[in-house]
1. If amide hydrogens are placed 1.01 Å from N in the peptide plane, which non-local residues have theirs closer than 5 Å to the one on residue 116?
2. Most exposed first by the Cβ proxy, i.e. fewest other Cβ within 10 Å, how do 133, 246, 300 rank?
3. So which of 171/232; 324/356; 256/368; 132/171; 5/132; 171/313 end up more than 32 Å apart by C-alpha?
4. Calculate log10 I(q)/I(0) of region 226-328 for q = 0.10, 0.12, 0.25 Å⁻¹, where I(q) comes from the Debye formula with a single equal point scatterer on each Cα and nothing for solvent.
Amino acid sequence: MPTLKIRGVDVEFPFVPYACQQVYMAKVIQCLQEKTNGILESPTGTGKTLCLLCATLAWRQSFIADQQLQSLRRSDTDGVFNSGFGKDLSEDLYNGHGAWGGSDEGMLMEKPRIIYASRTHSQLSQAIQQLKDTSYRPKVCILGSREQLCIHTEVSSQQNNNTMVYMCRAKVGARMCNFHNHLDEKKSDKEFTEGLLDIEDLVKLGQKHKRAHGIELKGHVLIFDEAHNVEKMCEESVSFDFTSYDLASCIDETSKLLEKNVEVESLNQQFNTDSSAVDFDSAELYQLKALFLILEEAIDEIQLPLQGSGITKPGGYIYELLGKAKLTFDTYTQALDLLEKIISHLTNSPTGMFIKTSGLQKFSDILK
Ligand code: SF4
């Protein structure tokens with residue numbers, strides 16, 4: 001495999017790169033060395049993913065080597081690294097300007113983690129495939145949504161992503177997901193930590209070991225491959241739509257649960273028992289229903305132009321609107337807490353078979 005020296009970093013590439021690939025890799029390395037953001041563009045079919053992977057991983061290796069060297073230098077009481085071969089090696093690695101782009105000499109930093117984000121599942125599989133063609137074998141952790149990674153039969157068979165989220169949380173909280181329970185003991189398993197696994201491999205391995213994935217979103221280098229939709233995605237991630245149908249669903253779902261709860265509470269009173277398995281009471285459900293009704297009224301009061309073109313308000317207006325239903329920065333966590341308890345109860349108990357949660361789930365997501 002050819003090794004190239006780019007900005008002082010030894011980059012191993014699976015074949016002799018084209019000039020444009022060399023330029024691309026040099027720019028990637030420059031961003032990493034200068035710890036700056038970069039937006040890189042290159043025509044389709046020019047091997048961007050491969051260049052990104054090789055350049056980033058090569059830089060990472062040189063960063064780690066430099067850190068180790070500095071650590072050795074500090075503990076070098078015999079002066080081996082200040083003369084002869086040791087000095088040459090040290091200078092070569094340090095390469096005058098510091099190939100890794102470090103700052104203070106002697107500072108030992110955490111190994112940088114590379115977070116590589118692609119737009120779709122299949123692009124991620126392709127990236128892993130390309131990584132397999134290189135000589136780099138970093139420890140890899142695949143991040144995906146529950147839809148792709150959940151291996152719990154009951155949870156993964158749910159059609160609705162929100163339902164999956166609530167079921168998963170309830171199972172993990174009650175230690176009823178065996179895969180999650182096995183997580184800690186498998187964390188050091190070589191099969192997981194040393195192979196290059198794409199999402200399918202990971203799901204298969206998880207099923208074999210009855211283990212789920214402990215994923216932490218922390219890292220130092222973030223790469224968005226195919227990032228042309230990032231702006232739109234960011235906008236969408238902080239936007240929501242909430243229709244009159246959604247609000248009506250919230251009212252309906254809360255009313256049905258309230259009815260059921262009042263029934264159970266009255267039976268409990270009558271027979272002096274406590275058959276209720278919920279950690280909320282009817283008074284709280286009344287409050288929640290009142291909140292939705294006030295919100296509905298407040299929305300109805302908004303004057304719309306006759307032509308039906310709708311109106312646009314400044315972003316902060318949403319707080320004013322929610323404030324009318326007494327939902328403020330000080331109170332919304334209480335409402336959210338109650339919503340989570342209700343949704344979790346309905347998702348995980350037989351009562352949920354008769355009462356939907358789609359409206360409540362949507363409202364809870366919006367509040368979050
Ligand atoms: S913790 Fe269990 S239920 Fe949750 S996503 Fe993982 S496997 Fe599925």
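Any read-out appearing in this document is the output of simple, stated calculations on the displayed coordinates, not a laboratory observation. What you see is a predicted model; the values in this text were computed from it and never measured. Heads up, the Cβs are rebuilt from the backbone with ideal geometry, glycines too, and the neighbour counts pull from every protein chain shown.
1. Excluding prolines and chain starts, which carry no amide H, the hits are 223.
2. Details: 133 13, 246 17, 300 8.
Exposure proxy ranking, most exposed first: 300, 133, 246.
3. Working: 171/232 34 Å; 324/356 26 Å; 256/368 24 Å; 132/171 35 Å; 5/132 22 Å; 171/313 41 Å.
Exceeds cut-off: 171/232; 132/171; 171/313.
4. The Cα Debye sum returns log10 ratios of -0.47, -0.62, -1.33.
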